[in-house]
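Student: Quick one: structure below, then a few questions.
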2 protein chains.
Amino acid sequence: MSTVEQFINSLSPHRGALNDLIEMIDEKNYAFKPTPTSMETEKLVNHTLKTTYTFARLAAKQSPEDLFPEGDDTPLAERARVYTDETYASIKLLEDEDLDELIDVKKMFGSEIPAGKLLEMAKDHEIHHKGQLFVYVREMGHTDLPSFVKK
Amino acid sequence: MSTVEQFINSLSPHRGALNDLIEMIDEKNYAFKPTPTSMETEKLVNHTLKTTYTFARLAAKQSPEDLFPEGDDTPLAERARVYTDETYASIKLLEDEDLDELIDVKKMFGSEIPAGKLLEMAKDHEIHHKGQLFVYVREMGHTDLPSFVKK
């Protein structure tokens, strides 16, 4: 199995669980936040999906795009489907040797970062926010939550 | 840099942030949980620290040990220091070629898993629960939280 395929296999149980969790969020809870200083649910979900997508685009040397313009009211579950397809599409453009290519993310991180490392950072970032989202969704009243990884 | 060193370098920003977060938890909040069905703070912290430690021990072919017996009242920040030292000590026993060794975790996962994969699973699991803990600590009244990775 190629290293790129291995990465996809390591991301997909998390993305699967994230998307299952997003499916559980009723529109009436889009503005929910557990404390006044917390990120709102809708913003947290968008941020999580968009960051992995953006890092995948950058790793594949594509310019990041705004899939959903500010104010767009596409339901979160539909956004998750679109972001997931587009994220995998970018990652699948990569060959194993591309993972060592330095990507110019100086504006974001102050340095160049190898594409493979950028993908790892995207995955870690996604797992972090998915963890937070589990707490949010439980606070919305759900008690039967998915596992933290989807088999 | 060896693959084992790379793994330590990828875990340590998360462990650093986790430990900073644990430092912020006042003992009066050890039983805090955001909803009645959530895991209590103390249990969540113990579970997170103990799982990474256990996986590191197993990866290094050491039998897991109970560092703190049931009912022990060592403060969480002190537990975090001990678990962190012991976890790194086990990982540092590994050479790169050990990462491909199959570890018998059939009782937990129904199959053997290579040591390197087990370490990655431990890291992902830790990031997940650290994400949850960020929400918990904010709900305890803290608004100035560490970054999700410690530089």
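Student: Provide an ascending nm list, one decimal, of label-point separations from A:Ser111 to the equivalent residue in each further copy; define each label point as 7 Å from Cα along Cα→Cβ.
Tutor: Listed shortest first, these distances are 3.6 nm.
Student: If you put +1 on each Lys and Arg Cβ and -1 on each Asp and Glu Cβ, how big is the dipole of the protein assembly as shown around its Cα centre, in Debye rounded to 20?
Tutor: Values: 36 positive and 56 negative charges, 108 e Å.
Dipole about the Cα centre, nearest 20: 520 debye.
Student: While we're on this one: Estimate the FRET efficiency between A:Glu27 and B:Met140 by the formula 1/(1 + (r/R0)^6), using the beta-carbon distance for r and 30 Å for R0, to the nearest 0.05. Don't skip to the end; give the middle numbers.
Tutor: Working: r = 29 Å, r/R0 = 0.98.
It comes out at approximately 0.55.
Student: For chain B, what are the per-bin percents of Cα-Cα distances with bins 10 Å wide, up to the bin holding the maximum?
Tutor: Here the calculated profile for chain B is 11, 40, 33, 14, 2.
Student: Just to be sure I understand: chains B and A are related by a rotation, so which residue of B has its Cβ closest to that axis, and how close in Å?
Tutor: B:Gly131, 1
Student: Set the bar at 24 Å for Cα to Cα. Now go through A:Lys92/A:Lys151; B:Lys33/B:Lys130; A:Lys28/B:Lys130; A:Lys28/B:Lys43; A:Lys28/A:Lys92; A:Lys151/B:Lys123 and name every pair that lies beyond it.
Tutor: Values: A:Lys92/A:Lys151 21 Å; B:Lys33/B:Lys130 14 Å; A:Lys28/B:Lys130 27 Å; A:Lys28/B:Lys43 31 Å; A:Lys28/A:Lys92 36 Å; A:Lys151/B:Lys123 18 Å.
From A:Lys92/A:Lys151; B:Lys33/B:Lys130; A:Lys28/B:Lys130; A:Lys28/B:Lys43; A:Lys28/A:Lys92; A:Lys151/B:Lys123, over 24 Å: A:Lys28/B:Lys130; A:Lys28/B:Lys43; A:Lys28/A:Lys92.
Student: Once the label point is set 7 Å along the Cα-to-beta-carbon vector, what list of distances in nm do you get between A:Lys28 and its counterparts in the other copies?
Tutor: Label point to label point, same position, other copies: 3.5 nm.
Student: What distance in nm separates the two pseudo spin-label positions at A:Glu97 and B:Ala77, each 7 Å out from Cα along the beta-carbon direction?
Tutor: Inter-label distance under the simple model: 5.2 nm.
Student: Check each of the GluC sites (Glu not before Pro) in the stretch A:73-151 and keep only those in coil by DSSP with at most 13 other C-beta atoms within 10 angstrom; list them in order. Before the final figure, lay out the partial values.
Tutor: Values: sites: A:Glu78, A:Glu86, A:Glu95, A:Glu97, A:Glu101, A:Glu112, A:Glu120, A:Glu126, A:Glu139; in loops: A:Glu95, A:Glu101.
Those satisfying the criteria are A:Glu95.
Student: Continuing with the same structure: Over the Cα atoms of the protein assembly as shown, how large are the radius of gyration and the largest Cα-Cα distance (Dmax), in Å?
Tutor: Reported Rg and Dmax, both Å: 19.3, 54.
Student: Using a probe radius of 1.4 Å on protein heavy atoms only, what is the accessible area buried between chains B and A, both sides summed, to the nearest 100 Å²? Please report the intermediate quantities before stating the final value.
Tutor: Working: alone 8400 and 8380 Å², together 15020 Å².
That pair of chains buries around 1800 Å² in total.
Student: Given an 8 Å cut-off on Cα distances and at least 6 residues of separation, report the relative contact order of the stretch B:1-135 as a percent. Display every interim value, and only then the final one.
Tutor: Values: 129 pairs, mean separation 43.0, N = 135.
32 percent.
Student: Given +1 on the Cβ of Lys and Arg, -1 on the Cβ of Asp and Glu, and no further charges, what dipole in debye does the stretch A:45-151 carry about its Cα centre, rounded to the nearest 20?
Tutor: Values: 14 positive and 21 negative charges, 81 e Å.
Dipole of the stretch A:45-151, to the nearest 20 debye: 400 debye.
Student: If you don't mind, another one. Using the Cα centre as the reference, give the magnitude of the dipole from point charges on the C-beta atoms of the stretch B:88-151 (Lys, Arg: +1; Asp, Glu: -1; all else neutral), rounded to the nearest 20 debye. Before the final figure, lay out the partial values.
Tutor: Values: 9 positive and 13 negative charges, 102 e Å.
Charge dipole of the stretch B:88-151: 500 debye, to the nearest 20.
Student: Right, something else. Report the trypsin sites (Lys or Arg not before Pro) located in the stretch A:27-109 that are in a DSSP loop and have at most 15 other Cβ atoms inside 10 Å of their Cβ, or state none.
Tutor: Values: sites: A:Lys28, A:Lys43, A:Lys50, A:Arg57, A:Lys61, A:Arg79, A:Arg81, A:Lys92, A:Lys106, A:Lys107; in loops: A:Lys61, A:Lys92.
For trypsin sites (Lys or Arg not before Pro) across the stretch A:27-109 that sit outside H, G, I, E and B with at most 15 neighbouring Cβ atoms in 10 Å, the list reads A:Lys61, A:Lys92.
Student: Work from the charge dipole of the protein assembly as shown (Cβ charges, +1 for Lys and Arg, -1 for Asp and Glu, about the Cα centre) and give the residue of A:Ala56, B:Pro36, A:Ile103 farthest towards its positive end.
Tutor: B:Pro36
Student: Further, regarding this structure: Shortest first and in nm with one decimal, please list how far the A:Ser63 label point sits from its counterparts in the other copies (point 7 Å along Cα→Cβ).
Tutor: 6.2
The values are calculated or read from the model by the stated rules, or taken from the named source; none is laboratory data. Bear in mind that the values here come from a model prediction, so they are computed numbers and not experimental data. Methodologically, a virtual Cβ is constructed for each residue, glycine included, from the backbone with ideal geometry; neighbour enumeration extends over all protein chains shown. Just so you know, the surface numbers come from the protein's heavy atoms only, side chains and all, with ligands and any DNA or RNA stripped out. Shrake-Rupley method; radii C 1.70, N 1.55, O 1.52, S 1.80 Å.
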